[in-house]
1. Would you list the P(r) distribution for region A:52-206, with all Cα-Cα distances sorted into 5 Å bins from 0 and each bin expressed as a whole %?
2. Run the helix sum for chain B: -39,500 (n - 2.57) per DSSP H stretch of 4+ residues, divided by residue count, reported at 222 nm to the nearest 500 deg cm²/dmol.
3. When a footprinting reagent is the concern and you count Cβ atoms within 10 Å, what order do B:Ser286, A:Ser147 take, fewest first?
4. Over chain B, what relative contact order in percent results from Cα pairs under 8 Å that are six or more residues apart?
5. If the only charges are +1 at each Lys and Arg Cβ and -1 at each Asp and Glu Cβ, what is the size of the charge dipole of the protein assembly as shown around the Cα centre, to the nearest 20 debye?
6. Just to check I understand the Karplus step: with θ = phi - 60° and J = 6.51 cos²θ - 1.76 cosθ + 1.60, what whole-Hz values come out for region A:160-170, glycine and proline as x?
7. Among the aspartates and glutamates, which have Cα under 12 Å from the Cα of A:Lys316 when same-chain residues fewer than 8 positions away are ignored?
8. Per q in 0.06, 0.14 Å⁻¹, report the Debye log10 I(q)/I(0) for region A:7-358, using one uniform scatterer on each alpha carbon and no solvent.
Amino acid sequence: MILRVTEQGRAQLQAAAIAILASIAIGSVMMLVVGVPPGTVWWAMLERTTSDPYTLGQVLYKATGLALCGLSVGLALDAGLFNIGAEGQLTAGVLACALMGTALPGDTPSFIAVPLCLFAAALAGGLVGAAIGALRAYRGAHEVITSIMLNAIVAALALWVGNAFLFQGGTTRGADIVKGAELPHLPFAGSAVNGTLIMALGLVALLTWLRSSTTWGQMWRAVGRDPDAARSVGIAVPRVQTIVMAAAGALAGLAAANFVLGHKHAFEEGLGRGTGFLGISAALLGRTHPVGIGIAALLLGLLSAGGLAVADLVPKELTEMLQGVVVLAVAAAGPWVARHPRAAPKDPVGQRAGKARAA
Amino acid sequence: MSEVIAAVFSLQVLRMAVPYALAALGGAITERSGVIDLALEAKLLFGAFTAAAVAHATGSPLAGVLGGIAAGMLVAAVQCLASLRLGADHVIVGVALNLLALGGTRFLLQLFYGEGANSPPAPGYGDAVLASPIVWLAIVASIVVPIALVKTKWGLRLRAAGDRPDALVAVGVSPVRARLYAALVGGALAGAGGAQLSLAVGGFSADMSGGRGYIALAMVILAGWRPAWAALACVGVALAERLSIELQLRTAAVPAELLHILPYVLTLAVLVVGGARRPPPRALGSR
């Protein structure tokens, strides 16, 4: 199912490949500007991240959070909605997950504690997502604007809750969650990668199936392709939009498990910050296909961890900037491939244009 | 309480309203021509950085303002290249440019000054609100832009490009070119708004736009894409921002973390209650 490459699939792969090459080219130019030979930097990035099990584990740790946030953005994009609120949804998830983890009795067994914490994270993220979706569907408020406002509001609320109730003795760290709620680290030389990676892989498989083989998947993609057509065949568009945004929010909220249950075991100020925004890059580079998003998350995790690994050669701000370049390149590459077709495939990211016109 | 009110309604409000208002005026022009302007945040941020860098290098705040304007126009040119020439999705291009601005200004800070968070001090206009040419630009633009949209050939063509690009083609005018000219003017205004951000405090700091571009766009939508009303709504946002600062200074009744989000909460509330009653330009977002 995954390996069968259709004409449309090939166009997606082409677009992603062009975007990656363009980003590498632009990144190389920036390295030349800084006065470092690009070949050296790229090679060092690849070599230092893959040769050492600890750094490789860090790449996988970053990729886990990115994959979950990327799935969140990708799911919404499939339904024609742009979820740049993953950042706020993740923060809400982190807070809820840690609150649940600390509130449980100390001897709670893990088969109860872990699901409860995951549920809390998904619920908190899902509520934020549902609010964005409902505002879009029923009030016509653009999801990008409401998402940005909610990102700021959620971040401030989390900081306030932390300062007022959670942070201990002048630190910006709350109390530890109960032992039963901790997810085990994976054996990568003591790095942060943990059991959440398995959950993320499971969700990639689940979403791949939902998206391509169920009525549900057909429904939300129909809404993304053309809301008017979807309405005319009897799909309740506002309800689908709200539910999809709630689910997207839940996915971003679940990324909290990677940071709270798997690694830090407490609420910390700024935990997971930036992962939601980088998830946008993962979703676009993965062309909204769950498997593609997983691969894109790995690449971006490599770029992110690799950027730190080569910080002695180029400033780490350069790799931060590259993340924006990737999004820009992938947004332009889709239509370019579609305009130079062998079989004129349609571009799922570009299909938003129909919706944008209707808005 | 009365002193809070007096402080809120002082001339300083004007200073805080200017970045919002210039961004909103620029956004209104760009959107009326049919280009979705989520890149306002990038224009503010690059404008703020360039203004501080140029003012620091030349010692002249006026040169800084011009630098900010040029930076805003450059972002608008890239935006048009990506969404009109290459046919990329307007919303995604906007978000990409905003990400790029966030990382890019940090990168340039590192490159120029070897520091990731703040620029060296730049000569600015400080507290003398009425001595700043940017404040006057904002006041003049709030009056001129609405008139120019209706009365000039430039305004007529850009509105046609936003509503009926095919009609523009029929009379032999390229809608893409009309949109480019509109976006460049819009970018110049937003860039000037960015210059106000950094020159008013005498230097650039990373992420100093802090979501103002998004708020400005929300005000454009709320005002039904009418520039004068959008600018007026921005004064309201500035009042909320001013109020939150004054309350932070004077009272401990509400935690500071929550007061600081007052403009965001207000914007969200307005979007929920107000909705968009006027329709957007008909060809908004087309490529």
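1. With 5 Å bins starting at 0, P(r) equals 2, 9, 14, 18, 19, 18, 12, 6, 2, 0, 0.
2. On the way: 13 runs with 204 residues, N = 287.
One gets -23500 deg cm²/dmol as the mean residue ellipticity at 222 nm.
3. Values: B:Ser286 21, A:Ser147 29.
Ascending number of Cβ neighbours within 10 Å: B:Ser286, A:Ser147.
4. On the way: 567 pairs, mean separation 104.9, N = 287.
Normalised by residue count, the contact order of chain B is 37 percent.
5. Values: 43 positive and 30 negative charges, 479 e Å.
The calculated dipole for the protein assembly as shown is roughly 2300 debye.
6. Once rounded to whole Hz, the list reads 5, 4, x, 4, 7, 10, 9, 4, 9, x, x.
7. B:Glu115
8. Debye output, listed in q order: -0.22, -1.15.
None of the figures in this text is laboratory data; all of them are computed from the coordinates on show. Please read all numbers here as calculations on a predicted model, not as lab measurements. We place every Cβ from the backbone using ideal geometry, glycine too, and count neighbours over all the protein chains shown.
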